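To start, the structure itself, in structure tokens.
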Amino acid sequence: MKELERSSELCRVIGYTFRDDSLLCLALTHCSLNGTDGANNQRLEYLGDAVLELVVSEWLYQDSEVDEGHLTRMRAETVCEESLAQVARRINLGKYLFLGKGEEVTGGRDKPSILSDALEALWGAIYLDGGLDAARGCIMGLIQHSIKTAIEVGGTADAKTRLQQFCAQNNKKQINYVLVETQGPPHAPVFTVSLLIDGNEVAVAKGKSKKEAEQRAAQEALKQLCE
């Protein structure tokens, strides 16, 4: 009964009701509970990862006009483990997972790898249960902010690499990203990062992850230095 109540609660959070509840249960079952050969969410995670990449690729292609390299970097930033774990924490996905005792006592409900895999497994289950449109609707409902951020900043690796290249060409030797503070609740933190070049603060930026804050700081630094 408790499992059904938890399932119904999660369905309300993600905005999708399963026709086959066993798929939802499977998506939430970590391999630590039944072992790698038992019923767990690993196969669904594999499927959900493919669905996620398709949906994000489609969105980025339609909503940006950058080249293939930028599209690849933006997609990588959106679907990386840290970004997905942040989404999973926002919907409190860890609360609904079925874990083995070992993972339970070592904080498995908040481990980025477990959360991101479970989120992808959840999307894989929705794809099997309701088709691509249902999966697309759920994915976009949960990660639209991440995709918009990726479009805005153009990919973390690109901005930070360009800043490094600029500094090397202009005899600036050292770049440091310093975490200034973390605000907000545990499930929705906001990170503030200060960017120092040769010991001088050049930019300060906020983000929903340290990577996002660093990216925004690098973007701001590039604007100022180029001006």
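Below are the figures for this structure:
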quantity: Test: residue in segment 93-112 that is polar (S, T, N, Q), assigned to a helix (DSSP H, G or I) and outside the structural domain of Arg216 (by TED's automatic domain parsing); calculated: no
quantity: Segment 122-148, subset in contact with a helix residue (DSSP H, G or I) (Cβ under 8 Å, 6 or more places away or on another chain) and more than 11 Å from Val51 (Cβ to Cβ), residue surrounded by the fewest Cβ atoms within 10 Å (Cβ to Cβ); calculated: Gly141
quantity: Flag if Thr182 is in contact with a Pro (Cβ under 8 Å, 6 or more places away or on another chain) and outside any helix (DSSP H, G or I); calculated: yes
quantity: Sole residue being charged (D, E, K, R) and touching an Asp or Glu at 6+ places or on another chain (Cβ under 6 Å), chosen from Asp110, Asp67, Asp49, Asp63; calculated: Asp49
quantity: Filter result for the condition that a residue is crowded, with 19+ Cβ neighbours inside 10 Å and touching a Phe, Trp or Tyr at 6+ places or on another chain (Cβ under 6 Å), over Ala205, Ala213, Ala217, Ala221; calculated: Ala213
quantity: Selection count where residues are in contact (Cβ under 8 Å) with a residue 24 or more places away in the chain and either within 21 Å of Phe166 (Cβ to Cβ) or buried (at least 19 other Cβ atoms within 10 Å of the Cβ) (or both), scope segment 184-202; calculated: 5
quantity: Set Gly154, Gly184: member being under 26 Å from Gln62 (Cα atoms) and either at pLDDT below 85 or of a type outside the set (Val, Ile, Thr) (or both); calculated: Gly154
quantity: Set Ala118, Ala217: member being under 30 Å from Gly100 (Cβ atoms), under 21 Å from the mean Cα position of the chain (by Cα), part of a helix (DSSP H, G or I) and not charged (D, E, K, R); calculated: Ala118
quantity: Residues located in segment 18-28, provided they are surrounded by 14 or more Cβ atoms within 10 Å (Cβ to Cβ) and either outside the structural domain of Glu120 (by TED's automatic domain parsing) or not in a helix (DSSP H, G or I) (or both); calculated: Phe18, Leu28
quantity: Residues satisfying the stated conditions in segment 29-82, i.e. crowded, with 17+ Cβ neighbours inside 10 Å, among the hydroxyl-bearing types (Ser, Thr, Tyr) and assigned to a helix (DSSP H, G or I); calculated: Ser32, Thr78
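The values are calculated or read from the model by the stated rules, or taken from the named source; none is laboratory data. What you see is a predicted model, and the numbers here were worked out from it, not measured in a lab. FYI the Cβ positions are ideal-geometry reconstructions off the backbone, even for glycines, and counts take in every protein chain you see.
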